[in-house]
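Undergrad: After the structure tokens below, expect a handful of questions from me.
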Amino acid sequence: MHLGAPDRDAVERGVCLYLLELGPAPPARGGRRVPLQISVCYLVTAGAESPELAHRLLGELVFSAMEESEFEVDLTPVPATVWAGLRIPPRPGFRVRLPVRRERPQPIVHRVRFPVITQAVPAEALLGCVVGPGDVPIPGALVELPGLSLVTRTDDNGCFRFPRVPPVATLGRLEVRAKGELLALGPEALASEPQPLLIRLPLKED
């Protein structure tokens, strides 16, 4: 096979492919990164020991090219200007156009993984007793942590217990209700009192 102008020496050697032109081609489909693509057009001629063998070889080349779905075979006569430009007399041949692709490498994406850091908030019990005048226990008093939507009542000894709550400084206020009275303790007051809390609820004397 000879890649060049189809001169006399090339014809005697067999098949000659001469690149006539380069052109654009529709972009290929598929894949995440579409390959680059152009169209090339070759002038195909053939030579052999006799004209009969040369014609047979040329016919086999035509049919083989037509079998390729991506090849476009052009059997129209080659313009005389092409032969004149090559400075050779016209001879049997055909043109074939085919795509040429160049794959584009996929960009390398480096994944950076950060460890998930979790910090557990310690939970602890909140204990206390509610008493009235003379430190008399108040049973059935309503004890509430509004910020946590937690509610309980004091037992017969006036004591209450929230089993698992965040640290006292983050609880918000504590509210105690009994016999029509309300006492609210803020976070600072809760943090300053040792546990169990002793909450003195001022009640009006009967």
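The values are calculated or read from the model by the stated rules, or taken from the named source; none is laboratory data. Just so it is clear, the model here is predicted, and its values are computed rather than measured. Don't worry about glycine lacking a Cβ; one is built from the backbone with ideal geometry, like all the others, and counts go over all protein chains shown. Only protein heavy atoms, including side chains, enter the accessible area calculation; ligands, DNA and RNA are left aside. Shrake-Rupley method; radii C 1.70, N 1.55, O 1.52, S 1.80 Å.
Undergrad: So what's the chain giving for Cα Rg divided by 2.2 N^0.38 Å, two decimals? Please list the in-between numbers first.
TA: Working: Rg = 48.1 Å, N = 206, 2.2 N^0.38 = 16.7 Å.
Its radius of gyration relative to the 2.2 N^0.38 Å reference: 2.89.
Undergrad: Stretch Met1-Glu67 to full length: gain in nm at 0.36 nm per residue minus the Cα-Cα span?
TA: Extending this stretch completely gives an extra 21.8 nm.
Undergrad: In square angstrom, rounded to the nearest 10, how much accessible surface does His55 have for a 1.4 Å probe?
TA: About 110 Å², ignoring ligands and nucleic acids.
Undergrad: Tell me, what is the percent relative contact order of segment 33-184, built from C-alpha pairs under 8 Å that lie six or more residues apart? Mind dumping the intermediate values first?
TA: On the way: 222 pairs, mean separation 30.0, N = 152.
Rounded, it is 20 percent for segment 33-184.
Undergrad: Along the charge dipole of the chain, Cβ charges K/R +1 and D/E -1, which of Gly59, Gly186, Phe162 sits furthest on the positive end?
TA: Checking the options against the dipole of the chain, the answer is Gly59.
Undergrad: Counting Lys and Arg as +1 and Asp and Glu as -1, each charge on the Cβ, what is the dipole of the chain about the Cα centre in debye, to the nearest 20?
TA: Its charge dipole is roughly 440 debye.
Undergrad: Let me ask something else. Based on DSSP H runs of at least 4 residues, each adding -39500 (n - 2.57), what is the mean residue ellipticity at 222 nm of the chain after dividing by all its residues, to the nearest 500 deg cm²/dmol? Could the numbers behind the result be given before it?
TA: Details: 4 runs with 36 residues, N = 206.
So the calculated ellipticity at 222 nm is -5000 deg cm²/dmol.
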